[in-house]
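Colleague: What follows is a structure written as structure tokens; I'll ask about it next.
What follows is calculated from the coordinates using simple rules that are stated; it is not laboratory data. Please read these numbers as outputs of a predicted model, since none were measured by experiment. Note that each Cβ is placed from the backbone with ideal geometry, even for glycine, and that neighbours are counted across all protein chains shown.
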Amino acid sequence: MKTMTHAKKTTHPETRTVVFRDQSADLRYLTRSTRTSEHTTTWKDGNIYPVIDVDLSSAAHLSRARGGEGSARRRKAAPAGRR
């Protein structure tokens, strides 16, 4: 009977813990990624992690679609009697 062997280390890229920072929604996510960065940030746990900036994520899109800051719904003019 043939024994199972583990996948070769060269087959799968190395992952590391990083922070993705969504600049448009001002959100941060701690996750694992194959990407890295020269820039770092301190997370809530006090550890320092590489930070990868993204311009626009799905979180920013959802925030705007639901009437968050910067959406067309929030920029409506106030009723005439309330100015």
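Colleague: Under 11 Å from the Cβ of Leu30, count the other residues' Cβ atoms, weight Lys and Arg +1, Asp and Glu -1, and hand me the total.
Modeller: Net charge in that neighbourhood comes out at +3.
Colleague: A further question on this structure: Starting from the Cα of Tyr29, step 7 Å along the direction of its Cβ; do the same at Ser58; then give the gap between the two resulting points in nm.
Modeller: In this crude spin-label approximation the distance works out to 0.7 nm.
Colleague: Residue by residue through the stretch 31-42, what is 3J(HN,Hα) from phi via Karplus (6.51 cos²θ - 1.76 cosθ + 1.60, θ = phi - 60°)? Round to whole Hz and write x for glycine and proline.
Modeller: 8, 9, 7, 7, 7, 9, 8, 7, 7, 10, 8, 9
Colleague: Amide H of Ile52: which non-local residues (sequence gap of 5 or more, or other chain) have their own amide H closer than 5 Å, using H built in the peptide plane?
Modeller: Val19, Phe20, Arg21
Colleague: Roughly how many nanometres apart are two label points built 7 Å out from the Cα toward the Cβ at His12 and Thr40?
Modeller: Inter-label distance under the simple model: 2.7 nm.
Colleague: Pop out the ³J(HN,Hα) list for the stretch 49-54 in order, Karplus 6.51 cos²θ - 1.76 cosθ + 1.60 with θ = phi - 60°, rounded to Hz; leave Gly and Pro as x.
Modeller: Per-residue couplings from phi come out as 10, x, 10, 10, 7, 10 Hz.
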